[in-house]
Amino acid sequence: MFNQSQIVAMLDINDETRTINVIPQWPVVPWETSSAVPDVILHDSVILEFTEHLDIRPEANAVFVRGEQQGVAVKVKRFGTAGDNFAADIVDKLITDNQAARMRGTTELANAGNKIQNSIRTKVLNDLPPIRPGMLVGIRKGAEVFKSVCDASTIAASVNSTNGQVTVNQTISLLRNENTL
C-alpha cells in the first residue's frame, strides 16, 4: 500500500464515470509555465472571489533521490542550472528505476521555492466548464496575467427559493511559483 505523498501526485475523482485517476502534482513544472498553453483562461469578469497567500519554501535546483535497500540512486538537477543548491535527500522504497527517480526529483524541485496559493470562486457556465485538478489555468486579474496549476476544486449548487433559479459555483485552489508570471 502506498499513499498519495509517496507518489507525489493528485487524485482526480470523476463522479460521472466513477473513476479515480492519478495525475502528476505538477503537470507543467513551474519553470515551464510561461511557455505552456493553459487548459482554460479565467478573466477577472468571471471571478467572484479571489484570495492569495504566500507560502515561503527553501529554494533548490538539485536533489538526491534513492530507493531504500534496493533501487537506484540519482542526482536530479534542474536543467540550465548549476545544480548546486540541494533539497533534502529523498529515500523511498518506490524508487526502483531511473525514471521513477527523475519524476520524484523533478516534483521535489517543482515544490521548492516560494509559492503563491490562490483560491478563486467563479461560476460554472456553458463556456466555462468545471476546472479539474491538474489543469493549467491562465488568470487575467486586472493588468496581471499568470498561469497556475489547479491542485483542488469543489463545486456547489444552490437554488433560489423565490424564483427557483439554480446557481452553480466552483472554487479552485491554484499553486504557482512566486516569480512565475
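Each of the peptides 55-61, 105-111 was scored by the mean count of other Cβ atoms within 10 Å over its residues; in descending order, highest first, they stand as 105-111, 55-61. Counting only alpha carbon atoms, the long axis of helix 98-111 and the longest principal axis of the chain meet at about 60°. Report note on the peptides 40-48, 147-155, 117-125: ranked by the mean count of other C-beta atoms within 10 Å, highest first, their order is 147-155, 117-125, 40-48.
Along the positive direction of the dipole of the chain (beta-carbon charges: Lys, Arg +1; Asp, Glu -1; about the Cα centre), which of Asn169, Ala100, Met135 reaches farthest? Checking the options against the dipole of the chain, the answer is Ala100. Computed about the Cα centre, the dipole magnitude for region 70-129 is approximately 160 debye when only Lys and Arg (+1) and Asp and Glu (-1) carry charge, each at its Cβ. About its Cα centre, the dipole of the chain is roughly 160 debye, where the only charges are +1 on Lys and Arg Cβ and -1 on Asp and Glu Cβ. For the pair Asn114 and Thr17, label points projected 7 Å from Cα toward Cβ lie 4.0 nm apart.
Our estimate of slack between Glu144 and Asn169, defined as 0.36 nm per intervening residue step minus the Cα-Cα distance, is 6.7 nm. The value of relative contact order for the chain, using C-alpha pairs under 8 Å at least six residues apart, is 25 percent. Counting lysine pairs in the chain whose alpha carbons fall under 30 angstrom apart, excluding pairs fewer than 8 residues apart on the same chain, gives 12. For the chain, the Cα-based Rg and Dmax, in that order, read 18.8, 65 Å.
The charge dipole of region 96-162, taken about its Cα centre with unit charges on the Cβ atoms of Lys, Arg (+1), Asp and Glu (-1) only, comes to about 160 debye. The stretch between Ala36 and Leu128 holds 31.1 nm of extra length on full extension. This uses 0.36 nm per residue minus the Cα-Cα distance.
Taking the Cα centre of the chain as the origin and placing charges on Cβ (Lys, Arg +1; Asp, Glu -1), which of Asn21, Ala82, Ile155 is farthest toward the positive end of the dipole? It is Ala82.
We did not get these values from a lab; they are worked out from the coordinates using the rules stated. Please read these numbers as outputs of a predicted model, since none were measured by experiment. Glycine gets a Cβ as well: all are built from the backbone with ideal geometry, and neighbour counts include every protein chain shown.
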